[in-house]
Every structure is written in C-alpha cells, then in structure tokens.
Amino acid sequence: MSHASEHSAPAILNEVKATSLPRAKMVDNDRDFAWITDKICGIVEGKTPSWWWWCFAVACFMACFTVAGITYVVATGVGVWGHRSPVNWSWPIVNFVFWIGIGHAGTLISAILCLLRQKWRTSINRAAEAMTIFAVVCAGIFPVFHVGRVWYAWFLFPIPNYNNIWPQFRSPLEWDVFAVSTYGTVSVLFWYVGLLPDLATLRDRFALAGRETRAKIYGFFALGWRSSARAWSNYEMAYLILAGIATPLVLSVHTIVSFDFAVSLIPGWHTTIFPPYFVAGAIFSGFGMVLTLMLPLRAIYKLEDLITQYHIDCMCKITLATGTMVGYAYAMEFFIAWYSGNPYEGFTFINRAFGPYAWAYWIMISCNVITPQFFWFKAVRNNTTFVWVLSLFVNLGMWFERFVIICTSLTRDFLPSSWGYLSPTVIDIFTFFGTFGVFSVLFLLFIRFLPLMAMAEIKGVTPQADAFNGHKNPHA
Amino acid sequence: MSNPEVTSTHSAGAPASNKALTIGLAGIAVTLLGLVLSPVHIVATSWLVGIAYWCAIAIGFLLLTLIHHIFDAQWSTVLRRQFEHALSAFKWLALLFLPLLLITWFGAKDTIWPWMNPAHLLEGEGKTVANDMVYAKKSAFLNLNAFTIFSVLFFVVWIWISSRLRKASFTQDKDGNASWTKMNRMTAGFGIPLVALTLTFAAVYWLKSLEYHWFSTMYGVWYFANCMRGAYSCTILIMVWLYNRGDFKGILHSDHWHSVGKMMFAFTVFWGYISFSQYFLIWNANVPEETFWYNLREYGDWWGIGMVLVFGHFLLPFLLLLSYSRKVNKAPIRRIALWILGVIFIDMCWNILPAVKDAAGNPLPFFSLGLLWALTSTIGIGGICVWSYLKSFPTTKLIPIHDPRITESLTFHE
Amino acid sequence: MAEHPYGLIARFNTPGDLYHAAEKVRDAGYKNWDCLTPMPIHGLDTAMGVKRSIVPRFSLTGGITGFCTGMSMIWWMNAYDYKIIVGGKPLFSPLFAFPVSYELTILFTAFATIGGMFFLNGLTQLYHPVLKYDKIHRATDDSFFIVIETSDPRFNADNTRALLAEAGGLEIAELEA
C-alpha cells in the first residue's frame, strides 16, 4: 500500500456524477478576448454617433435648469425654495436621498457582488460605478445648496475657523457630511483603480493606430500599467479589499442617511428598522436605474453578447429580492405602529394611506411592492422592453417612498404651527428635473470617452481565462 | 479501492448519536430537577432560552439551504447535505416547545409571558395587565389563542419547507433528475419570505412580548443575525468533525474553509450593525417608553453582560476573523466557532432572562440559578438536536452526488 | 542586437500554456522575471512562486489610524476644546462618535490600500522597457507574455531563450532597455 499521500480520495468521490444543468455563459457566442476588446474599445475609438449629440444637447439644456436654479438660490436666498414651514424642506431632502440611493446599486454591483463571487457583475459594474459617482454629484447639490449661505459650507468640515467653533458631531447632518464625502471619494477611487487596466488597453490601441495625443492622455491616466502578473497580484488584493470596505461603506452611508430621520422623535421616522430598510430600498432603486440605463445601451451598441439574458435575469431577481425586503420593512413598520399602541405612530400610518398624501402612498405601494412581483415570471424577464418600463416604475416608486416618509411625517408633526401641505416652488422643481440633465451629461461623456465595460474583468470570467478549465483541484 | 482509514459513514455515527441523546436527556432531566430547586417561572423562562437558541440555529440552517438554492451557489454544495441533516431537528424542537405551551395553558398563565394572565400584577407599576391600556391596544395579537395558533404555525411552516428541501435533495441522490433542483429553487423563492416572516413573528411572540410594553421594528432582523451566525458556526464544527473523521479529507480544501470564514465575518459585522442601530436609535431619541428595555439590561450585573456582547459577540470575532490564516486553519476557526456559539447563548440570555423580575420590577441578576437552568436547557435541547442530526446523517450519501453543481463545488477555487 | 538588452520576452496563446511555462521558469530558479496578462489568472501566483500580497497590512494600518483619528478628533472638538451641550447628550460618547469615526476608518483604509498598491506595484512608472515592445499592445488585449530580465543572476542569452522555447514560447524576442 503506497504512503504517497496521508489520505487517498474518499470512496464517495467515485460515485459523484453531476446532473447536467449547465450554468449560463457570461459571454454569449463564445466570443474571444480580441472580440471583447474590439467591441468595447470600438465605442471609444469610433466617431461620435449623431444620436449622442442629440442626447447631449437635450441633457445640457436640462442641466441648465439646475445651474440656473442654483445660481438663483445662492444669489437670492434659500427662501426661493419656499422653506417657510418644515414640510417644504421635504423637496430637497427627498431629492438628496433619491439620488444617493440610486448610487448605491453601483457600489453593490462592484463591491458586494464581487465579494459574493457573482461573475455576471463584470459586464455592468463599470457603468454602474460611473452611475454611482454621477448620482452622488447630483445628490450632493441639495445638501450643499440648501444651507443657504453656501460660502460658509466649509464650516461643516472640522477645519479651524475664525469663530473658533467646531462642528457638532451629535448631529446626523454632520455624519452625512463625512458619509457622503467618503462615499464619493471611495467610489471615485474604486472606479479609477478598476479603470487602470482598461485605460492601458486604450493607450496601447491608440498608440498602435497612430493617434499620439489620445495615447498620451490615456497613457497618463493609466499610470504606466503594463499588465504585469506581479502587479495583478497586488492589484487583485487591493481590489478585493476595496470591495470589502466599499460594502460596509455603502451600508453605512444609507444607514447614516436613515439616521437623519430615525434618531428623531417624529412618528413615522423614529423606528429602528430604518437602517437596513433604507439600504435595501437604495439598492432596489439603484438597480432600477441600472436597468434603465443599460438596456437601451445594450440595444444601441449591440452588446447582447456581453449583457446576456442571464445578466438581465440576475438584475431583475435582485430587484425583486430587494423590493421584497422593502415590502417586509413596510409590513414591520405598520405592524409595530399598531403593536406599540402609540397613538401618534398609529395616526401617522393611517394618515399616510388615507390622508392628504394618499395619492403618493398608493403610487409608492403599487410601484415598490406590486411592480417587482412581475419579475417572478420568466416571460416578463425575457421581455427587455417590459423590463425597461418596469424599471422606470421602480425609480418612480422609490422617489415616492422618500416623499411619503418625509412629507407625511413633517406635514403633521408635534407642533400644529408646523403643519402644511408641500408646495414646491418653480425653482425647486426645475432644479430637481435639471439634475437628470446633469446626470445625463456626465453619463454621456462617460460612455463617449471611457470604456463602458470592464474589459479585463469580463475576459477574466470567460472560460478561456481559466488556466485549469475546472479540472484540476489546486489545493487537494 | 477503498482506503481503510476512511471510516464508513454508516458505522461511526451510532455511538456518537447515543452520546448526544444521553447528553440531551441528561440536560433535560437536570432542568426538570430545577423545578424542585427554583420557582417554575424561572425554570420555564430558562427553558425558553434553550428553545430560542436552538431554533435560531435550525432556522439558520434552513436559511442557509434556501439561500444556497436561490443563489445557485457554487462552493457550498458539498456542505449542503449537512445543512439538510440539521433540518431534521425541527420536529424535535416543536416537541420541546410544547412544555412552554402546556405550562401556560394548564399552569399559571403568566409563568413566562406576563400578558397571558389578565390578573398579573405588573412588577413595579402597581396595576394589572387587564387595566393596562397599552396591553388593551395589542390584545388582538397578544392573546393565548393567537399565540398558540401562530407558534404551531411557525413550526408547521419550518417543518414543511425543511421536508420539501430534504426530500428533493435526497431523492436526487437516487435518480439524478434535474427537476429536483428546480423544485428546490422554487421552494427557495417562496420559502425565504415565508421563513423571514415566521422567524420575525416567532421572535416577536416568544422573545419581544416578554416585555410587551417595548417595541422595535428591528427585532426580527436581530434574531435573523443570530440565526445565521449560529448556523455558520455549527457548520464549522461539522466540517471539523467530518474532516477529522476522514469523511471530508480530499473533499474540503482551504477555499471552502475561507468561504465559510468570510460569511462568519460578514454576519459578525451584520450582527454588530443591527444591534448597534437598534440601540443607538433608541439611545438618541431617549424616549422612556423605549429606553426602559435597555435600562433594565443595565441594572446590576446585566450591564457587564452587555459589554461582553459588545466586545465578545462583535469586536473579538471581528478582529480575529480579519486574518486569512485564522479562517483556513482548523484549530483557530473551530475555537472561534465555539466562542461565537457561546456568546449567542449569552445574547439570548441577555434578551430573555431580564424578563424575570423581583417585586420591585428589577431583573434578577445574570449570575443566579436562572442561568444554570438556561445552561442545562440549552445543553439538553442541544443534545436532542445533535442526536437528530446524527440519526439523519447515515441515511444518505455524504455529499449530494448527483447535484448539478457538485463537481464545481469539489473543484472550486477562489 | 542591443548592447544591453533589458531582457527576453516570449508570447503564449492561452492561460494554460502560460501557467505551465511559468512553473518551468520558477523551477529553473529565476527571480527577476514576470508574466504579462490582459486579466488576472487564477493560480498564476502559485505558478510563479509569488507570495500572498502584503497590501492588507497597509489597509489595516490605514483603518486603525482612521478610527483613532475620528474618535480622538471628536472627543477633542466636542468634549474638550469647545464644549456645547446639545439635546442633553453627553459631551462625548462612543455611540454618537461612531458614524464619523467609521467613515474615516473606511476613507483611510481606502487611501492606504490604494497608496500601498501603487507603492508595491511601482505605479506611475510611465516609462518601462517592456512598453516599447512593438507587440506589447497584445498584453492588454488577448495574449500572454513572459519577460525574463537580463539582471537576473541566472540569465544567459542562449539558455534562457532555450528554456522559453522549450516551455512553448512563441516569437521570443529581445527587449531593449
């Protein structure tokens, strides 16, 4: 009997014969590496399509509303936002939470799905991370400009000032400053680190094509990346760690945003499940936006081999799962509002469903609880147009969720003198709709000049990239 | 050619399962002895600690299996069979839950849950439950009939879903039919929301209503966090046991250990996040109708136990599980798993035992006889659960040999 | 032929070929060599004999620094330097100080991780001999390369070239410095 190994394979392994139920392929039609590179770089290298110019023009026009609105606010004063009663503050706060929430899907796709080893994330993570950064930019507009005297906004940071006063760290608004700043910074860094190998690819291709200026610009930002395996070793570790910290980061950012409300005493706001409920809702709305953005791009640029039906399926299922979590939170809130016996809590929930904002409440319920249930059905998931329409409803529903939470509690809080019905001013409305223009401008620039998918990562999850092809167990 | 070192899965199970049964019955016996030494309500509340503890672990295994199916997971297929064996404990847990129902139906109604007896005098408040307006508002939910029906319903749901999962998986070993996998995925689809709701309401009924003035929307999520942590820790113990026995040698490799270790880390962080959020929001608003629950748990030696939870249930496992080598080496990860199982017990005690109060309305100290009966209950019920697992273990193959993902799981590398 | 070449470079078509070739180069005792791949290849570190990356040490240092900075900053600013009583809350509590400290932990961890990775990779090295190779654009596209530097003590123009050829390398070429 040989003593070559202290154990030979257990007998049970001889009986193993996996039933055939093939996994979906990450890249359809067995595309090879060169095809992937050509496809994605082709978008950056080619001439700007005319539809892009039209969209860019419209986006710039919309963005002007925000620019004009902000200029007017700073020049005249925050009274132009109608902030004469607490409920009128709802508008900028809702929009802030809305945009920040959308950003969270990008980090989820990049970071959490990376930790969970979900390979399908590789086709959408670059665009989703870009979406995060641009959403944070749009979100940041509201808290920065709602302070009124924006030139004092630096007081929010712990920088010595001439009044010798420090920020007050018991305030959740101060925590927001750190949370959103950290989130923006880390998102940009994570996105940039992810871009390095692809910028190197573009550098090399531009150099090969003789386009020296472009090669130099992309080369500068590629920081001399030469695809060294030793560099990949450190890079992968850094990427994994960034994914590992971006996950608690995204959880903490929307948790801290939820703390804005939950640490108070206001009925409808002060409830302990807010942190995970807000996070689930953010991911839900973010995936809605990812679907809204990626499905048209997939059709326009013919990316069906890279964003396959499996990818769409997975995104729909996550939307369904997070929508269900949000539904669980609604149920718990409602149940505990009753269970607690607190008359104010009870009133708030009845008021939400049957009071002056009932219209908003039922839009929220139908968009957030009912709409995602369509994703149970394969026939629905396979119909890309229908999925896209549903994603719009998801976005709408999540805007209304923040609206319902914030408005219905502020419109009837403890002081009757504070009561009111929200009436956003024209400036309010145009500033918000303009942010969609700001987002679109940034996103259009992104898809024009940067590789909209993570080429190196996609190649990494194709079967051709596996040195073992699944046969040898390297650790046995 | 079989290796004489590899012990047959059919034989070594027997003496181990007898040992488990003996320990289980001994624990239960000592707890019954406790009825002689301590008042009934102390022993009964301690029994609830044991039930809550082992139901958490069983529910955790149920969720692990369901989540495995819904994700079409790759690495955990080799372990899933062990989860399914653990699910056999639910029927025994249902049986062991009966004493709590029997005591409340046939003994003093307020033995454990004060609201069950309208004449119960609320300690330190001077009024009875019947005159308590706060109770009146929730009496439609908190009444003995509803409690009983729902408790039975919870176990019915858990046992039903478990049996569906077990049957599909075990039958697939024999016929290798892919439709069993599809059935499991469907079970997971509706099962996860169903288990989420049942575990939430179980936590509300069995644990939160002990202090029925208090409320927190986060409570179900807290219980879920402990469910997952308990299940992953038990998974490690099972992996170590089977590896040392030889069954899993050549099957499990470092990436499997690392994956389980990472999940333990993730849920340690999750537990910390949930517990911190719940505490912090109540602390910050500082409303007496909510803070009193935490104030009770800062009385006497309970404050120290709370600190044990902060530093022992969160910080220590968090720091230890950061390191790669601790996750892939059997001795350290086994110690961490045992430690976590220990602090989950303390967490359950911290949530449940302060409900037992003296006449002034202050909770009895942690270091009192109630703790002893909680320990013996947990050991007793645990012995029965482990016995159930060991009885189920030899009835099937070690790993799901015809599962579509089994080869991937065996050759899985990060 | 260049006076002082930087090294030899060989191309491979598949990750499997590269993996086996890397094992051969590692076993032959070379130290100053590298593989170039368009994407990270699982297991290649082991094949090359590269140890686990030490980036986590940077991260941990960053994280601890961030957390301590946060807590001490808040204590100093709110409980020592300019005390304000707000909402009856204590002047300092680890509870309310936690959100900001947590964010700083993450921020500093991110900076340290990226800084450490850049440092270890020697990034922002816009000039490198390998980037002058006329087929190097395939390294970021679809091909795999092994580069062995002349500075390696075991380097020998003929033997090294033979090793690469035997390992399956195609288009073996010299790199100018």
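General observations
- Residue in the stretch A:378-389 that is touching a helix residue (DSSP H, G or I) at 6+ places or on another chain (Cβ under 7 Å), among the polar types (S, T, N, Q) and more than 16 Å from residue A:101 (Cβ to Cβ) present: yes
- Members of the stretch A:237-283 that are more than 30 Å from residue C:60 (Cα to Cα) and among the aliphatic types (A, V, I, L, M): A:262, A:263, A:265, A:266, A:273
- Residue match in the stretch B:362-374 (condition: open to solvent by 10 Å² or more (accessible area, probe 1.4 Å), over 23 Å from the mean Cα position of the chain (by Cα), touching a residue at least 12 places away in the same chain (Cβ under 8 Å) and within 14 Å of chain A (Cβ to nearest Cβ)): no
- Only residues that are surrounded by fewer than 16 Cβ atoms within 10 Å (Cβ to Cβ), modelled with pLDDT of 95 or more, among the aliphatic types (A, V, I, L, M) and in contact with a helix residue (DSSP H, G or I) (Cβ under 9 Å, 6 or more places away or on another chain) were counted in the stretch B:143-168, giving 4.
- Yes/no for residue B:137 being basic (Lys, Arg) and assigned to a helix (DSSP H, G or I): yes
- You will find that of B:187, B:171, B:198, B:181, the residue that is in a helix (DSSP H, G or I) and within 9 Å of another protein chain (Cβ to nearest Cβ) is B:181 and no other.
- Qualifying helices (runs of 4 or more DSSP H) (wholly inside the stretch A:1-120; at least 3 residues being away from every other protein chain (no Cβ under 14 Å)): A:50-76, A:90-107
- Within the stretch C:27-38, residues that are within 18 Å of residue C:144 (Cα to Cα) and within 11 Å of chain A (Cβ to nearest Cβ) sit with their Cβ atoms under 6 Å from residues that are part of a strand (DSSP E or B) and of a type in the set (A, V, I, L, M), at 6+ positions apart or across chains, in these pairs: C:33/C:148; C:34/C:147; C:35/C:146.
- Pick from the stretch B:184-222, criterion open to solvent by 10 Å² or more (accessible area, probe 1.4 Å) and free of Cβ contacts under 8 Å to residues at least 12 places away in the same chain, ranking: nearest to residue B:63 (Cα to Cα): B:193
- Residue within the stretch A:258-267 that is outside any loop (DSSP other than H, G, I, E, B) and touching a Lys or Arg at 6+ places or on another chain (Cβ under 6 Å) present: no
- Unique residue being assigned to a helix (DSSP H, G or I) and open to solvent by less than 60 Å² (accessible area, probe 1.4 Å) when the list is B:310, B:343: B:343
- The requirement of being open to solvent by 20 Å² or more (accessible area, probe 1.4 Å), over 28 Å from residue A:300 (Cβ atoms) and free of Cβ contacts under 8 Å to residues at least 40 places away in the same chain is fulfilled somewhere in the stretch A:67-74, by at least one residue.
- Taken over the stretch B:244-255, residues that are at the interface with chain A (Cβ under 9 Å from one of its Cβ atoms) and polar (S, T, N, Q) amount to 1.
- Tabulated pairs, the stretch B:28-53, first over 29 Å from residue B:200 (Cβ atoms), second of a type in the set (Phe, Trp, Tyr) and crowded, with 18+ Cβ neighbours inside 10 Å, C-beta under 8 angstrom, 6+ apart or interchain: B:34/B:373; B:38/B:373
- Members of the stretch A:412-428 that are in contact (Cβ under 8 Å) with a residue 40 or more places away in the chain and among the β-branched types (Val, Ile, Thr): A:425, A:427
- Qualifying residues in the stretch A:211-236 (those that are within 9 Å of chain C (Cβ to nearest Cβ) and basic (Lys, Arg)) - the one farthest from residue C:15 (Cα to Cα): A:226
- Some residue of the stretch A:294-311 being buried (at least 24 other Cβ atoms within 10 Å of the Cβ), hydroxyl-bearing (Ser, Thr, Tyr) and either part of a helix (DSSP H, G or I) or free of Cβ contacts under 8 Å to residues at least 12 places away in the same chain (or both): no
- Among the residues of the stretch B:191-204, the ones that are more than 15 Å from the chain's Cα centre (by Cα) and within 20 Å of residue A:346 (Cα to Cα) come to 0 in all.
- Beta carbons closer than 9 Å, at least 6 apart along the sequence or on distinct chains, pair a first residue in the stretch A:150-163 that is over 18 Å from residue C:82 (Cα atoms) with a second that is open to solvent by 60 Å² or more (accessible area, probe 1.4 Å) for A:150/A:144; A:153/A:144; A:153/A:147.
- Hey, residue C:42 at the interface with chain A (Cβ under 8 Å from one of its Cβ atoms) and open to solvent by 70 Å² or more (accessible area, probe 1.4 Å) or not: yes
- Scanning the stretch A:325-376 for residues that are farther than 30 Å from residue B:132 by Cα, open to solvent by 10 Å² or more (accessible area, probe 1.4 Å) and in contact (Cβ under 8 Å) with a residue 60 or more places away in the chain yields one hit, A:356.
- Within the set C:113, C:105, C:160, the sole residue that is in contact (Cβ under 8 Å) with a residue 12 or more places away in the chain, assigned to a helix (DSSP H, G or I) and closer than 30 Å to residue B:286 by Cα turns out to be C:105.
Listed here are the residues, each with its yes/no results for (1) within 7 Å of another protein chain (Cβ to nearest Cβ); (2) surrounded by 21 or more Cβ atoms within 10 Å (Cβ to Cβ).
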{"site": "C:68", "(1), (2)": "no, no"}
{"site": "C:74", "(1), (2)": "yes, yes"}
{"site": "C:93", "(1), (2)": "no, no"}
{"site": "C:107", "(1), (2)": "yes, yes"}
{"site": "C:112", "(1), (2)": "no, yes"}
{"site": "C:122", "(1), (2)": "no, no"}
{"site": "C:134", "(1), (2)": "no, no"}
{"site": "C:143", "(1), (2)": "no, yes"}
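- Boolean, residue A:265 is at the interface with another protein chain (Cβ under 7 Å from one of its Cβ atoms), at pLDDT below 95 and more than 28 Å from residue A:198 (Cα to Cα): yes
Okay, residues lined up against (1) under 28 Å from the mean Cα position of the chain (by Cα); (2) open to solvent by 20 Å² or more (accessible area, probe 1.4 Å):
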position	(1), (2)
A:13	no, yes
A:16	no, yes
A:27	yes, no
A:30	no, yes
A:40	yes, no
A:43	yes, yes
A:90	yes, no
A:93	yes, yes
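- Picking from residues in the stretch B:256-310 that are within 13 Å of chain A (Cβ to nearest Cβ) and of a type in the set (Asp, Glu), the one that is nearest to residue A:278 (Cα to Cα) is B:290.
- The set of residues in the stretch B:241-251 that are open to solvent by 10 Å² or more (accessible area, probe 1.4 Å) and in contact with a Phe, Trp or Tyr (Cβ under 7 Å, 6 or more places away or on another chain) contains only B:249.
The values are calculated or read from the model by the stated rules, or taken from the named source; none is laboratory data. Being a predicted model, the structure only gives us computed values, none of them experimental. With ideal geometry, Cβ positions are generated from the backbone for all residues, glycine too; neighbour counts draw on all protein chains shown. Just the protein is used for accessible areas: all its heavy atoms, side chains included, with ligands, DNA and RNA removed. Shrake-Rupley method; radii C 1.70, N 1.55, O 1.52, S 1.80 Å.
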